[in-house]
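The structure under discussion appears below in the form of structure tokens.
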Amino acid sequence: MSRIGKQPIPIPENVEVTIENDVVKMKGPKGELTQSIHPAIEVGKNKGVLNVRPKSGKGSSALWGLTRALVFNMTKGITEGYHKKLEIEGIGFRAQVQGNVLTLYLGFSHPVEYSIPDEVTVTVAGNTIEVFGADKYMVGQVAAKIRALKKPEPYKGKGIHYVGERIRRKAGKKTATQER
């Protein structure tokens, strides 16, 4: 039995929810999101609360908690939003946003350009890149793709990493002159 799936999802006052044909649509101050629901799961709206229930059938209990978490993330995203912070480390490494393109100078012979999707907003302040958006998946995906452009290396820690991420450092070369 899913403990997460049993919990009702309160609908904030400034959010509109429509459920039709296994699709949940939410509209709020931070944007509009849609989520398709598996046919084995039923989502019901009752007195300002959303309830997620499994229909009888094989596999419905496995999707119960997942569906509830996805719908809850939608409500949180359109009211509060999600954000991820990335940090650039390295001499001469920098970033700038021009319109819909994030340009990164990461020590390559050319600048790396990343096209920002419409669902998210990216800002750069110094050596920090912040990714904002209503969709939790898109915010995490964009942050992961930016980080993948130059992962932090283990010797000096140069590259792009999440703020607060701990990078395991390796020891450098040992001295070659050892007595035998």
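The values are calculated or read from the model by the stated rules, or taken from the named source; none is laboratory data. None of these values were measured; they are calculated from a predicted model. With ideal geometry, Cβ positions are generated from the backbone for all residues, glycine too; neighbour counts draw on all protein chains shown.
Looking at the stretch 1-102, the strands (runs of 3 or more DSSP E) lying wholly inside it that each contain 2 or more residues that are of a type in the set (A, V, I, L, M) and under 30 Å from A144 (Cβ atoms) sit at 23-28, 41-46, 49-54, 82-89, 94-98.
Of all the residues in the stretch 124-153, those that are without any contact (Cβ under 8 Å) to a residue 24 or more places away in the chain and under 15 Å from E165 (Cα atoms) number 4.
Cβ-Cβ contacts under 8 Å between residues 6 or more apart (or on different chains), taken from a first residue in the stretch 76-98 that is free of Cβ contacts under 8 Å to residues at least 40 places away in the same chain to a second residue that is part of a loop (DSSP other than H, G, I, E, B) and exposed (fewer than 14 other Cβ atoms within 10 Å of the Cβ), are listed as G92/G107. Per the listing K145, K150, the residue uniquely touching a Lys or Arg at 6+ places or on another chain (Cβ under 9 Å) and among the basic types (K, R) is K150. Screening V163 against (1) exposed (fewer than 13 other Cβ atoms within 10 Å of the Cβ); (2) in contact (Cβ under 8 Å) with a residue 40 or more places away in the chain; (3) over 17 Å from the mean Cα position of the chain (by Cα) leaves a single unmet condition, (3).
Going by the conditions given, is E153 surrounded by 14 or more Cβ atoms within 10 Å (Cβ to Cβ) and more than 24 Å from Y82 (Cα to Cα)?
Details: surrounded by 14 or more Cβ atoms within 10 Å (Cβ to Cβ): yes; more than 24 Å from Y82 (Cα to Cα): yes.
Yes, satisfied.
The number of residues in the stretch 100-121 being of a type outside the set (V, I, T) and in contact with a Pro (Cβ under 8 Å, 6 or more places away or on another chain) comes to 2. If I filter the stretch 103-128 down to residues being in a loop (DSSP other than H, G, I, E, B) and in contact with a helix residue (DSSP H, G or I) (Cβ under 8 Å, 6 or more places away or on another chain), which single residue comes out as farthest from G157 (Cα to Cα)? The selected residue is E119.
Sort out which residues of the stretch 54-78 are under 18 Å from the mean Cα position of the chain (by Cα) and hydrophobic (A, V, I, L, M, F, W, C), and write them in order of number. Of everything in the stretch 54-78, those that are under 18 Å from the mean Cα position of the chain (by Cα) and hydrophobic (A, V, I, L, M, F, W, C) turn out to be L66, A69, L70, V71, F72, M74, I78.
Matching residues to (1) among the acidic types (D, E); (2) modelled with pLDDT of 90 or more; (3) farther than 17 Å from N127 by Cα:
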position	(1), (2), (3)
I11	no, yes, yes
K58	no, no, yes
F72	no, yes, yes
L86	no, yes, no
S109	no, yes, yes
E113	yes, yes, no
